Structures are given as C-alpha cells and as structure tokens.
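The values are calculated or read from the model by the stated rules, or taken from the named source; none is laboratory data. Note that the structure is a prediction, hence the values are computed from the model and not measured. Virtual Cβ from ideal backbone geometry, glycine too; neighbours counted across all protein chains shown. Areas reflect the complete protein model, heavy atoms only, side chains present, ligands, DNA and RNA absent. Shrake-Rupley method; radii C 1.70, N 1.55, O 1.52, S 1.80 Å.
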Amino acid sequence: MKYLLCLPLSAILLSGCSLMRSPHDPAREKQTVSVVNAMTWTNPLSGKRDGVRTSWPLEELANHEEVFPLAQIKHCPLGEQAACNWGVLSASRSITRFGYLPGGITLDLGLLVDVHRRQQDRRRNHHTAMAIPADVGALSYRKSLQQAISLPYGKVYRIEFEYGLRFDICARRLDAHGQALDQCDIPFI
C-alpha cells in the first residue's frame, strides 16, 4: 500500500517538472527553434564557394554530432601559377547542451577540422576514403574548438579556419506551421 501512494505522487511530481519550461522557450508561443549550420570551403577546381548546409530542430541537438562529408581543398601559397598543396578535409560539429535566452539560444559547440593527405569516414553503412597522390604537396592542419556561444535569433555566428574553411551557425524560430519567423543568412550550397 505504501508503494501505491508513492507512485502516483512521484508521477505527479515528474509530470510537473516536465511542464516547467524556460520563460524564454518559444514553445510557450507555439513556436519551435531550428539551428542552421554550414561548413564551407573554396572548391579547388571551380574556385567557387562549396560546402554543406544543414538544418536541425534544436530539441534534437543535445549530445548530437554531425559529421560533414570528406572534401578536397587546396592552398597555393605563391599564387595559382605556382605549385599548390592539396588536402582532404574531415570536419564534424557537436552540440552537448543548449538553453534559451531572451531573443535567442545558447549552445555548447564543439568543432573539429582536420586536413591531411588521407582521410576516412567510417560510419554505420557508410565508408568513404579519399587521398591526395604522393607526388603532390599535402596540407596538414588540425583545429579543435569547444566553446559556449550565444545565438540571437536570425544572426549568423561565424568561425574562420585556415585555408578558407568556415563554419556558420544560426538559430531561427518557426511558427506552428513550420514557417520561419527569422532569416538566417547562410546560403544554400
């Protein structure tokens, strides 16, 4: 009998905790938050901006890692007429925590950018490898970042890396019909 009385009380307490939302959570106004991010670089053949742009519901991003596809990049230290060094880019983004602020969100963002002669991407049901030939100069660069960032809705936060690599991230609110209430100036690629 003692257990029967405790179970309903604990269930009431747990359900009450789940109803307590941040006062800045857009769900109070029947809105959701989407995070748009992009990893971009200069395409070594066309010279145009290239990359990957994705959008994720904020609620799915806690402890979420996104691994971007492998890509080739090049760097010509003495200009395009001289010998260029090439590398294979492997990059990933992780978000370990998020919260709501007045007019935006806060994220714990992790980025890993790795450029070397050879790279592999081994994920479930997906295996990719890419390499630069041995007779071509190779790039070597690795940068790992862990930082807390604040994202006002509709404002792009940019992180620049060596060799023209760039990561952009932006938060936007969506209404109950999925229509964007804020614009994120991160172009489709």
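Scan Val136, Val67, Val88 and give me the residue that is in contact (Cβ under 8 Å) with a residue 24 or more places away in the chain and closer than 16 Å to Asp168 by Cα.
Val67
What number goes with the only condition from (1) part of a strand (DSSP E or B); (2) in contact (Cβ under 8 Å) with a residue 24 or more places away in the chain that Ser55 does not pass?
All conditions pass for Ser55, except number (2).
Might you check whether a residue that is more than 17 Å from Thr42 (Cα to Cα) and under 16 Å from the mean Cα position of the chain (by Cα) occurs anywhere in the stretch 123-138?
Looking for residues that are more than 17 Å from Thr42 (Cα to Cα) and under 16 Å from the mean Cα position of the chain (by Cα), one finds none in the stretch 123-138, hence no.
Identify all residues within the stretch 70-89 that are out of contact with any Gly (no Cβ under 6 Å at 6 or more places or on another chain), within 17 Å of Phe161 (Cβ to Cβ) and open to solvent by 30 Å² or more (accessible area, probe 1.4 Å); write none if there are none.
Gln72, Lys74, His75, Pro77, Trp86
Give the residues of the stretch 149-164 that are touching a Leu at 6+ places or on another chain (Cβ under 7 Å) and either outside any strand (DSSP E or B) or not β-branched (Val, Ile, Thr) (or both), sorted by residue number.
Result: Ser150, Leu151, Tyr157, Tyr163.
With respect to the numbered conditions (1) over 21 Å from Pro44 (Cα atoms); (2) part of a strand (DSSP E or B), which one is the sole condition not fulfilled by His177?
Looking at each condition in turn, His177 falls short on (2).
So if I check each of Ile159, Ile149, which one is β-branched (Val, Ile, Thr), in contact (Cβ under 8 Å) with a residue 12 or more places away in the chain and either exposed (fewer than 11 other Cβ atoms within 10 Å of the Cβ) or under 27 Å from Gln72 (Cα atoms) (or both)?
Ile159
List every residue pair whose Cβ atoms lie under 7 Å apart, where the two residues are 6 or more positions apart in sequence or sit on different chains, the first residue falls within the stretch 91-106 and is free of Cβ contacts under 8 Å to residues at least 40 places away in the same chain, and the second residue, located anywhere, is of a type in the set (Phe, Trp, Tyr).
Sorted first by the residue in the stretch 91-106, then by its partner, the pairs are Ser92/Phe68.
Look through the stretch 117-137, keep the residues that are in contact with a strand residue (DSSP E or B) (Cβ under 6 Å, 6 or more places away or on another chain) and part of a strand (DSSP E or B), and return whichever of them is most open to solvent (accessible area, probe 1.4 Å).
Filtering the stretch 117-137 for residues that are in contact with a strand residue (DSSP E or B) (Cβ under 6 Å, 6 or more places away or on another chain) and part of a strand (DSSP E or B), the one most open to solvent (accessible area, probe 1.4 Å) comes out as Arg118.
Going through the stretch 72-119 one residue at a time, which ones are closer than 29 Å to Thr32 by Cβ and among the β-branched types (Val, Ile, Thr)?
If the condition is that a residue be closer than 29 Å to Thr32 by Cβ and among the β-branched types (Val, Ile, Thr), then Ile95, Thr96, Ile105, Thr106 are the ones that fit.
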